[in-house]
Amino acid sequence: MKVTPRYYKNESADFNIKETADFPLLASLCYALSHELRLKILNQLQIKPHTIPELAAVNDTSVNSIVYHTEILQNAGLIEINLIPSQKGMVRMCYRVLQEMHLQLFRPYANEKAPSEEIKYAVKVGDFVDCDPDANYSFVTENKFYTCTWNTIYRPERHDAGIIWGDKGYLTYAFPNDFAKYRKCTEISLMLELCSETVGHNNNWKSDITFWLNDVELCTYLSPGDFGDRDGLLCPPFWSKWGDNVTMYGLLKNIKVNNQGVFLDGELVNQNVRLNNLNLDKSNKVLLKIGNKPYAQHVGGFNLFSKNFGDYPIDIELTAVVEKV
């Protein structure tokens, strides 16, 4: 099928991948340029016009082969073929049509999403900035166990905690918010490993664990248990020696907030809270609170794991998607 080019006999032609009307012509051009002999013919015609017999001789091939390939080039609009008189009658003369062409593959962002990038922050489970004064907390470092009261929970050793737990209440963590102050933020996601908390462990111990950002309630996750039936994949030998008497691992949870609502592990769970409800640029920090509501159906505590405890090599991670400058 012959495709009529819109650049006939021009020195150059410009194409853009966003112009769908050009697709038949582009497909024809790509096919015409996909054979080595046709590329040679194009190169030869850039120097001067050639007859069909001349092209057959210079390319050491048959006239029929040249006829076949030049017709493909002509149908793509790359060359022109005219009949001219000669000593032996009329002969087909081939001329170049196009000297150069440009194909723009990049589509400018008009009504599409602007280019974006991810900004990631991570805090250790012991880096909390606030906690419930009525709850009991304990934490473990690489080689030592700490049980704390309200007066001792802020001891500096907490920053080395690999796992921390409370029987109720909450812990609050702070992240920088410069990503929201100076650029447009389109999404925030949180990722962490956690589970319920009871004495020893109980794989069927339920807990309603709620998440807040900047004091705005996002969602509640029903944790199915406090897991200790096997060693955590990352737990140090010191902790593994306790056997089935302690919590060993949790489940990986992802909470995402954008302009559609709140998603828990990819499922939309709260359409009433959107990104603009979080007042991200009103302070010098973003506050994440994790814990049990006092009157939840299952006040089953919580365990939070660092990247060197449990099953997953992550701390508490916040990822912000922002538009590029």
- Search the structure for amide H atoms under 5 Å from the amide H of Val269, placed 1.01 Å from N in the peptide plane, and list their residues when 5 or more places away or on another chain. Val262, Phe263, Leu264
- the stretch 183-255-the stretch 52-72 distance, computed between alpha-carbon centres (Å): 73
- Note on the structure: For the stretch 208-284, listing trypsin sites (Lys or Arg not before Pro) in a DSSP loop whose Cβ sees at most 15 other Cβ atoms within 10 Å gives Arg230, Lys241, Arg274, Lys282
- Item | Residues whose placed amide H lies under 5 Å from that of Ala13, excluding near-sequence neighbours | Glu100, Met101, His102
- Query: Considering the zone a paramagnetic label at Asn254 would reach in this model (a point 7 Å from Cα along the Cα-to-Cβ line), which residues of the stretch 283-318 have amide N under 14 Å from it?
  - Reply: 317-318
- Message: For the stretch 85-231, I need the span (max minus min coordinate) of the C-alpha atoms along each principal axis, in Å, sorted largest to smallest.
- Response: 109, 40, 30
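If packing is taken as the average number of other Cβ atoms within 10 Å across a peptide's residues, how do 261-272, 193-204 rank, most packed first?
Descending mean neighbour count gives 193-204, 261-272.
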- Message: Please report the carbon-and-sulfur percent of the accessible area for the chain; probe 1.4 Å, protein heavy atoms only, DNA, RNA and ligands left out.
- Response: 50
- Task: Note the full-extension length gain between Lys293 and Asp281 as 0.36 nm times their separation in residues minus their Cα-Cα distance, in nm to one decimal.
- Result: 1.7 nm
- Message: For Glu187, what residues show an amide H to amide H distance below 5 Å, using hydrogens built from the backbone and excluding near sequence neighbours?
- Response: Val321
- Note on the structure: In whole Hz, the Karplus estimates of ³J(HN,Hα) for the stretch 164-179 (6.51, -1.76, 1.60; θ = phi - 60°; x where Gly or Pro) are 9, 8, x, 7, 5, x, 7, 10, 10, 10, 10, 10, x, 10, 4, 4
- Taking 166-178, 117-129 and ranking on average Cβ neighbours within 10 Å, highest first, one gets 166-178, 117-129
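Any idea of the accessible area per residue across the stretch 29-155, 1.4 Å probe, to the nearest Å²?
Solvent-accessible surface per residue comes out at 61 Å².
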- Step through the residues of the stretch 48-56 one at a time and calculate ³J(HN,Hα) from phi using the Karplus curve (6.51 cos²θ - 1.76 cosθ + 1.60, θ = phi - 60°), rounding each to whole Hz and writing x for Gly and Pro. 6, x, 9, 7, 4, x, 5, 5, 5
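Rounded to the nearest 5, what % of the DSSP beta bridges within the chain are antiparallel ones?
Restricted to the chain, the bridges split so that about 95 percent are antiparallel.
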- Using 0.36 nm per residue of separation minus the Cα-Cα distance, give me the extension gain between Glu117 and Gln271 in nm, one decimal. 53.0 nm
- Rg/Rg_globular for the stretch 239-325, with Rg_globular taken as 2.2 N^0.38 Å and Rg from C-alpha atoms: 1.38
- Task: Give me the distance in nm between label points sitting 7 Å out from Cα along the Cα-to-Cβ direction at Thr147 and Tyr68, one decimal.
- Result: 8.9
- Pairs Lys184/Lys282; Lys124/Lys181; Lys120/Lys206; Lys206/Lys241; Lys124/Lys184; Lys124/Lys285: which exceed 21 Å Cα-Cα? Lys124/Lys181; Lys120/Lys206; Lys206/Lys241; Lys124/Lys184
- On a 0 to 90 degree scale, rounded to 10, what angle separates helix 36-47 from the longest Cα axis of the chain? 60
- Task: Calculate, for Glu323 and Asn214, the FRET efficiency according to 1/(1 + (r/R0)^6) with r their C-beta to C-beta distance and R0 22 Å; round to the nearest 0.05.
- Result: 0.60
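Normalising by the residue count of the chain, find the relative contact order in percent from Cα pairs under 8 Å and 6+ residues apart. It would help to have the intermediate numbers written out before the result.
Values: 724 pairs, mean separation 65.8, N = 325.
About 20 percent, as a whole number.
Taking the chain on its own, what percent of its Cα-Cα pair distances exceed 36 Å?
48
The values are calculated or read from the model by the stated rules, or taken from the named source; none is laboratory data. Computed from a prediction, not measured in an experiment: that's the story for all the values here. Every residue, glycine among them, receives a Cβ derived from its backbone with ideal geometry; neighbour counts consider all protein chains shown. SASA here: full protein model, heavy atoms, side chains in, ligands and nucleic acids out. Shrake-Rupley method; radii C 1.70, N 1.55, O 1.52, S 1.80 Å.
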